[in-house]
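The values are calculated or read from the model by the stated rules, or taken from the named source; none is laboratory data. The structure presented is a predicted model; accordingly, all values stated were derived computationally and were not measured. Positions of Cβ are backbone-derived with ideal geometry, glycine not excepted, and every protein chain shown enters the neighbour counts.
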Amino acid sequence: MRNEFCTLFDVNYLPRGLVLYRSLERHCDDFRLRVFCMDAETKEILERLRLPRLIAIGLDELEAHDSALASVKPTRTQVEYCWTATPAVCVYALETEPDLDAITYVDADLMFFRDPEPIWQELGDDSVLIVPHRYAPQWKPHEETSGTYNVEFMTFRRDEPGLETLHWWRDRCLEWCYFRYEDGKMGDQKYLDDWPERFSGVHVLQHPGGGLAPWNVDNYDLARRNGNVLVDERELVFYHHHSLRLYRGITRLRAAGFLADRYRYTPGPVPFVWMTNYPMAPSERELVWDPYLHELGRALEDVRRTVPGFSAGFVDLDGRALALGEAQRVVRQRLPRLVGAVRRAKRVLGSARLPDHRASWKAREVAEQMLALAREQLREPDAVPPYRAFLEAIDWSLSELALPEPAHFLDFGCGVGHYGELLERRFPGRFRYTGCDYSEAMVETARAEWPSREFVVNDLFSNTLDLGAFDVVCASALVDVIDEYDRALDVLLGSKARFVLLHRQQLTEGSSRAEVAPGYEGQTTYRSYVNREDLERIGARHDRQILASFHVQDDIHSFLFGVVAE
């Protein structure tokens with residue numbers, strides 16, 4: 001079987017795509033890699049690199065060929081559109097190259113350690129190849145939302161079963177492909193769960209050296225023999241270097257000891273700092289990560305010869321922020337008693353000695369600015385990302401949850417009450433709304449603007465309301481502006497409310513942290529960045545789980561929590 005591959009990525013994954021290409025170049029005598037460029041910059045750089053076995057295909061070419069794909073683009077985020085396009089690029093390859101017997105899609109962050117011949121031998125005469133996650137026990141719960149199989153390496157033959165499966169997948173992704181778990185779906189991946197039963201000719205890869213990844217590596221013994229990496233005594237074919245995060249501007253911190261744990265330093269012509277969300281055994285780092293990072297440094301060097309100063313895909317993180325994040329993580333994990341003592345001291349000493357920027361929300365001028373912005377945004381609410389995500393969450397709740405009519409809705413940290421107006425416009429009479437805020441200025445402003453609605457003064461940390469009397473408790477950008485975000489989450493998720501909607505929360509792939517940040521004009525507030533694993537951990541502490549998530553914009557998301565079913 002010929003090594004005919006395709007992948008897709010934008011400029012942020014360009015160096016990783018080059019590592020993929022060069023690994024194929026090292027191990028395959030004959031191959032072609034079609035790269036579907038999700039932005040113009042990627043195509044321009046790849047064409048300037050002149051890689052002999054790489055075919056760069058522009059997004060305009062793909063969309064001209066598949067108008068149905070282009071038509072759903074406005075409804076998807078960049079990540080969601082890439083997922084939606086995955087089956088479409090396979091269809092494109094088979095329809096535009098009639099001599100192709102089969103096409104194999106590969107994720108851009110794979111690296112091959114040998115040629116894939118053992119995989120082709122195992123596939124035999126079957127029509128479709130899919131790769132199982134094979135989760136290690138500690139990651140097994142992720143299978144419910146991420147699926148049994150991973151869209152990382154998939155082969156489709158040009159025969160009736162192969163084309164039927166591929167076109168079915170493309171059609172489903174056009175209908176629905178979002179970064180949330182809903183009705184048994186998640187992105188493009190959960191669609192694969194029943195393929196072995198739904199379609200004929202589907203082969204599930206058994207070779208342990210195909211699909212090795214951070215979520216399953218603990219299931220296997222890794223070793224090196226005669227220059228080859230072995231997985232349970234069989235040669236490693238490819239590894240999925242998932243969850244890699246790259247940082248710039250902080251390599252000097254290596255000497256200060258801040259990179260000894262989560263953050264790691266890779267030297268070379270283009271040194272960089274990196275991390276993953278998964279713990280890593282020394283053998284895994286030595287055998288599969290260090291070679292990859294070495295190749296990634298080479299790829300960066302080559303790209304920078306073509307594009308001086310290229311740094312797409314890297315995250316800015318200065319030394320002060322890194323040091324603060326690491327210090328907070330250590331304190332939270334190793335010195336919990338000290339955390340409590342510091343917080344008690346802060347409350348005792350008062351704002352004169354330790355400024356509490358939460359108090360900035362009590363300023364009348366901040367309430368006036370919020371009201372002016374809300375009035376402007378409510379003119380065209382569908383054009384406002386937080387409003388769209390909020391309405392999407394409410395739509396989902398009404399269709400999926402057994403909510404009474406009217407449902408009692410508490411808007412915690414309601415500000416000037418604009419979400420109550422949004423609810424009444426879109427779902428008239430469906431909710432009995434109550435807004436509460438610890439700022440008297442906010443509550444007075446809300447009462448004046450919406451005199452027919454109920455607003456009360458109430459502090460999250462000195463709560464006087466019976467939260468169990470509400471069907472939905474919504475905290476919109478409330479935890480996001482509190483320095484004690486973990487304490488705030490404990491109050492909300494530990495309440496007796498049936499459902500808790502955490503709306504507009506900034507996520508991070510690094511350590512959860514809070515930083516002082518500017519707010520409205522003349523205001524200084526906090527900005528909290530919460531790791532999703534920490535969010536899930538705090539929820540589990542109160543027997544709650546995330547029922548659905550909704551993308552707001554960039555790294556901001558909303559999460560609907562419910563009680564774990566017995």
Item to complete: Would you point out the residue of the stretch 123-139, among those that are surrounded by fewer than 16 Cβ atoms within 10 Å (Cβ to Cβ) and modelled with pLDDT of 95 or more, that is nearest to Leu163 (Cα to Cα)?
Response: Asp125
Worksheet item: How do the pairs read when you match residues in the stretch 61-80 that are without any contact (Cβ under 8 Å) to a residue 40 or more places away in the chain with residues anywhere that are acidic (Asp, Glu) and surrounded by 14 or more Cβ atoms within 10 Å (Cβ to Cβ), using Cβ under 9 Å and keeping only pairs 6 or more apart or on different chains?
Response: Ala70/Glu63; Lys73/Glu63
Fill in: Among the residues listed as Glu197, Glu122, the single one being without any contact (Cβ under 8 Å) to a residue 12 or more places away in the chain, among the charged types (D, E, K, R), assigned by TED's automatic domain parsing to the domain that holds Trp83 and over 30 Å from Phe561 (Cβ atoms)
Glu197
Fill in: Elements of type helices (runs of 4 or more DSSP H) in the stretch 141-235, at least 1 residues being surrounded by fewer than 16 Cβ atoms within 10 Å (Cβ to Cβ) and over 19 Å from the mean Cα position of the chain (by Cα)
160-175, 195-198
Worksheet entry | Verdict on Arg388 being out of contact with any Gly (no Cβ under 7 Å at 6 or more places or on another chain), of a type outside the set (Phe, Trp, Tyr) and farther than 23 Å from Ser495 by Cβ | yes
Response to the item:
The one condition Tyr520 fails out of (1) surrounded by 21 or more Cβ atoms within 10 Å (Cβ to Cβ); (2) among the aromatic types (Phe, Trp, Tyr); (3) over 22 Å from Phe179 (Cβ atoms) is (1)
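Conditions (1) in a helix (DSSP H, G or I); (2) within 22 Å of Ser528 (Cα to Cα); (3) modelled with pLDDT of 95 or more; (4) touching a helix residue (DSSP H, G or I) at 6+ places or on another chain (Cβ under 7 Å), marked per residue:
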{"residue": "Arg358", "(1), (2), (3), (4)": "yes, yes, no, no"}
{"residue": "Arg375", "(1), (2), (3), (4)": "yes, no, no, no"}
{"residue": "Ala402", "(1), (2), (3), (4)": "no, no, no, no"}
{"residue": "Glu424", "(1), (2), (3), (4)": "yes, no, no, no"}
{"residue": "Arg447", "(1), (2), (3), (4)": "yes, no, yes, no"}
Discussion item. So the check is Cβ under 9 Å with 6+ separation or different chains; which pairs have a first residue in the stretch 411-422 that's of a type in the set (Phe, Trp, Tyr) and a second one that's assigned to a loop (DSSP other than H, G, I, E, B)?
Written reply: Phe412/Asn458; Phe412/Asn463; Phe412/Leu465; Phe412/Leu478
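Yes or no, residue by residue, for (1) surrounded by 16 or more Cβ atoms within 10 Å (Cβ to Cβ); (2) assigned to a strand (DSSP E or B); (3) modelled with pLDDT under 95:
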{"position": "Glu392", "(1), (2), (3)": "yes, no, yes"}
{"position": "Asp395", "(1), (2), (3)": "no, no, yes"}
{"position": "Asp411", "(1), (2), (3)": "yes, yes, no"}
{"position": "Tyr419", "(1), (2), (3)": "yes, no, no"}
{"position": "Pro428", "(1), (2), (3)": "no, no, yes"}
{"position": "Val443", "(1), (2), (3)": "yes, no, no"}
Worksheet item: Somewhere in the stretch 219-232, is a residue of a type in the set (S, T, N, Q) and free of Cβ contacts under 8 Å to residues at least 60 places away in the same chain?
Response: yes
Practice prompt. Take the stretch 125-182 and flag every residue that is on the phi > 0 side of the Ramachandran plot and touching a residue at least 60 places away in the same chain (Cβ under 8 Å).
Written response: Arg134
Worksheet item: Looking at the stretch 276-314, which of its residues are β-branched (Val, Ile, Thr) and either surrounded by 18 or more Cβ atoms within 10 Å (Cβ to Cβ) or over 18 Å from Val11 (Cβ atoms) (or both)?
Response: Thr276, Val288, Val303
Discussion item. Criterion first (aliphatic (A, V, I, L, M) and closer than 21 Å to Leu244 by Cα) does Leu24 satisfy it?
Written reply: yes
Discussion item. Show the residue pairs meeting these rules: Cβ distance below 7 Å; 6+ apart or different chains; first residue within the stretch 29-42 and not assigned by TED's automatic domain parsing to the domain that holds Val91; second residue among the aliphatic types (A, V, I, L, M) and surrounded by fewer than 21 Cβ atoms within 10 Å (Cβ to Cβ).
Written reply: none
Discussion item. When you check Leu391 against the structure, is it among the aliphatic types (A, V, I, L, M) and more than 25 Å from the chain's Cα centre (by Cα), yes or no?
Written reply: no
